[in-house]
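Only one structure is covered here, and it is reproduced in the block below.
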Amino acid sequence: MCGIIGIIGTRDAAPRLVEGLRRLEYRGYDSAGVATLINGHIDRRRAEGKLLNLDAKLRENPLPGIVGIGHTRWATHGGPTENNAHPHATPRVAVVHNGIIENYQELKDELIAHGHAFESATDTEVIVHLVTHYLNQGMTPVDAASASFKRFTGAFALVLIFAGEHDLMIGARHGTPLAVGYGEGEMYLASDAFALAPLTNRICYLEDGDWVVMTRERCTVHDATDTVVDRPVKTTAVSGALIGKDGYRHYMLKEIYEQPQVIGDTLNSYINPETARVTLPDLPFDISRATRLTIVACGTAYYAGLVAKYWFETLARLPVDIDIASEFRYREAPLPEGGVALFISQSGETLDTLEALRYCKRQGQKILSVVNVPESTIARESDAVLMTLAGPEIGVASTKAFTTQLTTLACLAVSVAHARGAISTERMQEIARALREVPARAAEVLAHDERLKELAAEVSEARDVLYLGRGAMYPLALEGALKLKEISYIHAEGYAAGELKHGPIALIDDSVPVIVLVPSDGLFEKVVSNVQEVCARSGKVLLLADSKGIDKLKDKVRWSVELPACDPLVAPLLYAIPVQLLAYHTAVLKGTDVDQPRNLAKSVTVE
Ligand code: M6R
């Protein structure tokens, strides 16, 4: 998603803006740009594609100036061209913007009628024209900005600089995050604290509706009603060092390999190793008394929620409704009186998930979230938060965030199951011990990396790939297919193995790899039958199973990878790893941009 940064400083801004943008690259983008004030005039450099291209332009044609704004753009309205890249500017004002101005067409028509000429296909350009319109009417920059903010609908975070104003920068947050950084005689604004970490660790996270007027020495925060408010300034622990790849070729591979460690870290915060009891932090409401749980999330986080549904229903006997956020938020779902709604998000900023959370809040639900970023909006708007301790995830394809979400959700489900009397203390301890074994077992699974790399050569030749699983392995099939699609661009679908005969079996022939996830659990024999159905139609099956499954099916299937035997409850955590590695190696063979796949953004803060 777009990344924005602004500096009102005491030394050259452009190189520091680009450094900040580099730290926002992980969000995904397809063009970039910076603007500074030079002798009171706005000047800009913009480029299509990666920051390398912007860097080259700045080397060729440097941009001095100590006040500036920078942007990485993930195209929404208008293609990823230089002309559509931010900053957008008139001779009087420049802007960088994340989000969408939904009523831009109406504003654009109005401004064209006033004689404004537009040069891009973006919604963003209306911002600078509207502010300029008010400036032309004689308003001060602060009044012009504030009057403009009131006219925009949609979600946005933006930063403005003004020609002739060397000690002024204005920012606004409406539905999309924006953080203020306090420096020594300098002030900053950015999409997140990570971008500002080399500049300062003193950060203020703006609330929704806030807008700020900044000089080098002070920052005045106004809330949505224009009242001046105090917002706390926190010292963050975000490191100023760029997160490195530690010798790995891609962040994604590094993050896959971090899983034994981060699953262990997450378990350590929820399981007491001495008593083998799951102990969650005290929640301000009793989830075990809920009559129904509503789970909402997007993408990979949604698949983690689907696994959790399985756990909550089978272990805790707690009925679960689950939906993807973009559907749920407009469905006006009736929710149970005093119910609990659970939101899962790595970034904690996914707009659809956040809006679904707000809907549930308005319906009087207690809000629990599982997030990876403690300062995120979803975390801050929840009644209670369970953290995943994955650490920063930079690769756009979610890997360690997924398995730490599963870890956290497993602990939650077990704790609720015990509190509801649905499982005994002994069973809780048995599961807790199985969970504590996962980091070691995950390391064993990683040892199959070379074998999965060989198999990726087969998968990379395919046009279509199917993933099959049952029960808690069905969401893993969906996740495997999503991983392959998003980074290798090969068409892949996940199906519930039992659903195969209702349609997808027509796709089976010897050119379609079928990846089957089948641990030894209560559904094992059922999946074995489904595998036979595929093999009988010349399907070439890659079996991911433990020794029992391999023994039973090795003569039928084309390829197999033996995974450790485990308590079926923890199998989703282990079976996630081979599908991640398979997708990773396939993408490398296809030569795609593994960490920043085309068209994708790390955190999706637009609808
Ligand atoms: O930050 P979130 O967990 O809310 O993000 C949700 C999805 O956008 C995300 O999981 C997406 O599907 C990943 N790219 C999948 O790898």
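The values are calculated or read from the model by the stated rules, or taken from the named source; none is laboratory data. As the structure is a prediction and not an experimental result, all values here were calculated from the model. All Cβ positions, even for glycine, are placed from backbone atoms using ideal geometry, and neighbour counts span all protein chains on display. Each accessible area value is taken on the protein alone, full model and side chains, heavy atoms only, with ligands, DNA and RNA left out. Shrake-Rupley method; radii C 1.70, N 1.55, O 1.52, S 1.80 Å.
One table, with the values for the structure above:
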quantity: Complete set of residues in the range 347-365 that are of a type outside the set (S, T, N, Q), closer than 26 Å to residue 289 by Cβ and open to solvent by 30 Å² or more (accessible area, probe 1.4 Å); calculated: 358, 361, 362, 364
quantity: Residue check, residue 457 modelled with pLDDT under 95 and out of contact with any Phe, Trp or Tyr (no Cβ under 9 Å at 6 or more places or on another chain); calculated: no
quantity: Whichever residue in the range 302-314 is open to solvent by 10 Å² or more (accessible area, probe 1.4 Å) and within 15 Å of residue 398 (Cβ to Cβ) and, among such residues, is farthest from the ligand (Cβ to nearest atom); calculated: 306
quantity: Selected residue [in contact (Cβ under 8 Å) with a residue 12 or more places away in the chain and touching a Phe, Trp or Tyr at 6+ places or on another chain (Cβ under 9 Å)] from 569, 574, 582; calculated: 569
quantity: Among the residues listed as 455, 466, 500, the single one being at negative phi and touching a residue at least 60 places away in the same chain (Cβ under 8 Å); calculated: 455
quantity: Which numbered condition residue 119 fails, given (1) under 22 Å from residue 72 (Cα atoms); (2) touching a Gly at 6+ places or on another chain (Cβ under 8 Å); calculated: (2)
quantity: Residue ranges of strands (runs of 3 or more DSSP E) in the range 495-605 with at least 1 members under 26 Å from residue 315 (Cα atoms) and open to solvent by less than 20 Å² (accessible area, probe 1.4 Å); calculated: 513-518, 540-545
quantity: Single residue of the range 360-374 satisfying the filter (assigned to a loop (DSSP other than H, G, I, E, B) and in contact with an Asp or Glu (Cβ under 8 Å, 6 or more places away or on another chain)) that is nearest to residue 576 (Cα to Cα); calculated: 372
quantity: Residue list for the range 370-387, restricted to those being near the ligand (Cβ under 10 Å from one of its atoms) and either open to solvent by less than 10 Å² (accessible area, probe 1.4 Å) or closer than 15 Å to residue 1 by Cβ (or both); calculated: 370, 371, 373, 376, 378
quantity: Enumerated strands (runs of 3 or more DSSP E) restricted to the range 182-299, each holding at least 2 residues that are over 19 Å from residue 376 (Cα atoms); calculated: 211-214, 219-222, 293-297
quantity: Residue list for the range 335-361, restricted to those being within 16 Å of the ligand (Cβ to nearest atom) and among the basic types (Lys, Arg); calculated: 358
quantity: Qualifying residue in the range 130-151 (condition: under 26 Å from the mean Cα position of the chain (by Cα) and open to solvent by less than 40 Å² (accessible area, probe 1.4 Å)); calculated: no
quantity: Given (1) closer than 28 Å to residue 486 by Cα; (2) assigned by TED's automatic domain parsing to the domain that holds residue 146; (3) among the aliphatic types (A, V, I, L, M), index of the condition residue 262 fails; calculated: (2)
quantity: Residues that are within 16 Å of the ligand (Cβ to nearest atom) and crowded, with 24+ Cβ neighbours inside 10 Å, drawn from the range 315-327; calculated: 325
quantity: Qualifying strands (runs of 3 or more DSSP E) (wholly inside the range 5-116; at least 1 residues being surrounded by fewer than 16 Cβ atoms within 10 Å (Cβ to Cβ)); calculated: 31-38, 41-48
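This table checks each residue for (1) in contact with a strand residue (DSSP E or B) (Cβ under 9 Å, 6 or more places away or on another chain); (2) more than 16 Å from the ligand (Cβ to nearest atom).
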site	(1), (2)
406	no, no
418	yes, yes
425	yes, yes
458	yes, yes
472	no, yes
478	yes, no
482	yes, no
495	yes, yes
